[in-house]
Amino acid sequence: MRLPFAALLLFAPAAGAAQSSAERMTNDSYTRSHDYDLVHQRIEVRNFDWDSTSFDGRVTTTLLALRPGLDSVVLDAGKGLAVARVVDARGAALR
């Protein structure tokens, strides 16, 4: 009985490693199709408060439209993140 279990432990990591990072991202249940290419994201965080597990920050996102007439983008934030405002490159408020 110990031999089959030992063989399972030996070969299980090899099966997991056989999938490439690109395949894992493609098969990820959170992956969505997009009409844009995420070119760059700059994430700045400051004012860490370890007692309340909070911080302030800013994210600058550069996108490239993959279709003509792209007029909206849905950005996901985690459940624990509060977004104070969203602006375009000129500082105009977006909704």
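The values are calculated or read from the model by the stated rules, or taken from the named source; none is laboratory data. This one's a predicted model, so the numbers in the text were calculated from it and none came from an experiment. Don't worry about glycine lacking a Cβ; one is built from the backbone with ideal geometry, like all the others, and counts go over all protein chains shown.
Brief remarks follow.
- Residue, farthest from the chain's Cα centre (by Cα), within segment 50-95, restricted to residues that are hydrophobic (A, V, I, L, M, F, W, C) and outside any loop (DSSP other than H, G, I, E, B): 93
- Considering the conditions (1) modelled with pLDDT of 65 or more; (2) more than 18 Å from the chain's Cα centre (by Cα); (3) loosely packed, with under 10 Cβ neighbours inside 10 Å, residue 42 is excluded by exactly one of them, (2).
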